[in-house]
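J.: Quick one: this structure, given as structure tokens, is what I'll be asking you about.
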Amino acid sequence: MPNDTILETRALTKEFKGFVAVNGVDLKVERGTIHALIGPNGAGKTTCFNLLTHFLTPTRGQIVYNGEEITGSRPAAIARKGLVRSFQISAVFPHLTVLENVRIALQVKRGLSFDFWRSQKALAAYDARAAELIDAVGLAGYESMLAGELPYGRKRALEIATTLALDPELLLLDEPTAGMTHDDVERVAALIKRVAADRTVLMVEHNLSVVSTLSDRITVLARGEVIAEGDYATVSRHPAVIEAYLGSEHG
């Protein structure tokens with residue numbers, strides 16, 4: 001299937017009491033790609049993510065998803081349309097097992113509440129799909145472990161599993177490898193590549209090695225504005241990008 005635009009922003013802007021955090025951002029994410037949003041600290045990446053999922057309301061501009069304008073929609077309504085931000089709805093319950101966490105996310109997908117008191121028989125209906133998701137993120141064998149006891153990288157994998165339970169068409173990942181060891185970074189990067197096989201991924205990521213390995217397209221922000229876009233080879237050589245990163249390190 002030829003690529004087309006699944007998500008587009010037009011002149012997206014967010015001001016906080018006179019401070020412009022995101023300034024006229026035009027972003028196009030093509031269906032079936034991994035698109036990275038990068039930039040030095042304070043570039044506006046997380047604010048941009050919060051605007052896309054309407055945890056923040058834009059001051060100006062439009063957000064279009066699958067050809068439909070979603071500017072002003074509620075976060076839950078956006079998630080139901082298939083645009084889901086990892087770690088947004090998928091907060092892990094530390095005192096429940098890996099299996100129980102994924103089952104709860106599957107209940108949410110079906111429009112049910114967190115019915116902890118439902119019978120084991122009713123909950124068991126979710127076990128087959130939960131097992132598939134647990135295996136898909138490399139957590140087979142951890143089903144009965146409490147989520148709070150998982151190593152950090154595997155806890156992140158569980159968070160992705162609970163997000164995938166919501167069956168997103170466009171998955172937004174906010175710094176998926178932050179704070180990880182080298183082994184965990186490699187494991188989660190491989191996981192992102194697997195889950196992107198049949199969906200679109202937009203991610204904010206500081207690890208440029210991960211970005212260069214995974215991304216089909218990259219948008220670079222600095223001071224709330226897009227300063228470059230293209231593949232990794234293109235943006236990494238862009239003078240404005242080099243200046244933005246060096247300036248952030250030495251300024």
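The values are calculated or read from the model by the stated rules, or taken from the named source; none is laboratory data. As the structure is a prediction and not an experimental result, all values here were calculated from the model. Every residue, glycine as well, gets a Cβ built from its backbone with ideal geometry; the counts of neighbours run over all protein chains shown.
J.: So which strands (runs of 3 or more DSSP E) are wholly in region 1-67 and hold at least 1 residues that are touching a residue at least 12 places away in the same chain (Cβ under 8 Å) and at positive phi? Quick ask: steps written out before the conclusion?
T.: Details: elements: 5-16, 19-30, 34-38, 60-65.
Per the criteria, 5-16, 19-30, 60-65.
J.: Please determine, by comparing only the residues of region 175-189 that are small (G, A, S) and more than 20 Å from R31 (Cα to Cα), which one is modelled with the lowest pLDDT. Even if it seems obvious, please write down each step before you answer.
T.: First pass over region 175-189, keeping only residues small (G, A, S): 178-179, 189.
Those still in the list that are more than 20 Å from R31 (Cα to Cα) too: 178-179.
Details: A178: 85, G179: 82.
Out of the qualifying residues, it is G179.
J.: If I filter region 158-170 for residues that are more than 29 Å from D4 (Cα to Cα), touching a helix residue (DSSP H, G or I) at 6+ places or on another chain (Cβ under 8 Å) and at pLDDT 90 or above, do I get at least one hit? It would help to see each step written out before you state the result.
T.: At the first step, the residues of region 158-170 found to be more than 29 Å from D4 (Cα to Cα) are 158.
Among the residues that remain, those that are also touching a helix residue (DSSP H, G or I) at 6+ places or on another chain (Cβ under 8 Å) are: 158.
When the remaining residues are screened for being at pLDDT 90 or above, the result is 158.
The answer is yes; a qualifying residue exists.
J.: Go through region 165-193 and give me each residue that's surrounded by fewer than 23 Cβ atoms within 10 Å (Cβ to Cβ) and either charged (D, E, K, R) or closer than 16 Å to A79 by Cβ (or both).
T.: Across region 165-193, the qualifying residues are L166, D167, P168, E169, L170, D174, E175, D183, D184, E186, R187, K193.
J.: Oh, and also: Just checking, how many residues over region 70-87 are surrounded by fewer than 17 Cβ atoms within 10 Å (Cβ to Cβ), assigned to a loop (DSSP other than H, G, I, E, B) and of a type outside the set (D, E, K, R)?
T.: Of the residues in region 70-87, 1 are surrounded by fewer than 17 Cβ atoms within 10 Å (Cβ to Cβ), assigned to a loop (DSSP other than H, G, I, E, B) and of a type outside the set (D, E, K, R).
J.: Here's something else I'd like to know. For the condition at pLDDT 95 or above, more than 25 Å from T13 (Cα to Cα) and not small (G, A, S), what is the one hit in L221, L208, L202, L214?
T.: It is L214.
J.: All but one of (1) farther than 25 Å from L7 by Cα; (2) in a loop (DSSP other than H, G, I, E, B); (3) of a type in the set (D, E) hold for D135; state the number of the condition that does not hold.
T.: If we test D135 against (1) farther than 25 Å from L7 by Cα; (2) in a loop (DSSP other than H, G, I, E, B); (3) of a type in the set (D, E), just (2) comes out false.
J.: Among the residues of region 108-122, is any hydrophobic (A, V, I, L, M, F, W, C), modelled with pLDDT of 85 or more and under 27 Å from V201 (Cβ atoms)? Walk me through how you get there before you give the answer.
T.: Narrowing region 108-122 to residues hydrophobic (A, V, I, L, M, F, W, C): 108, 112, 114, 116-117, 122.
Cutting the leftovers down to modelled with pLDDT of 85 or more gives us none.
Among the residues of region 108-122, not one is hydrophobic (A, V, I, L, M, F, W, C), modelled with pLDDT of 85 or more and under 27 Å from V201 (Cβ atoms), which makes the answer no.
J.: Ok, one more. Go through region 185-210 and report how many residues are over 16 Å from R156 (Cα atoms) and among the basic types (K, R).
T.: Number of matching residues: 1.
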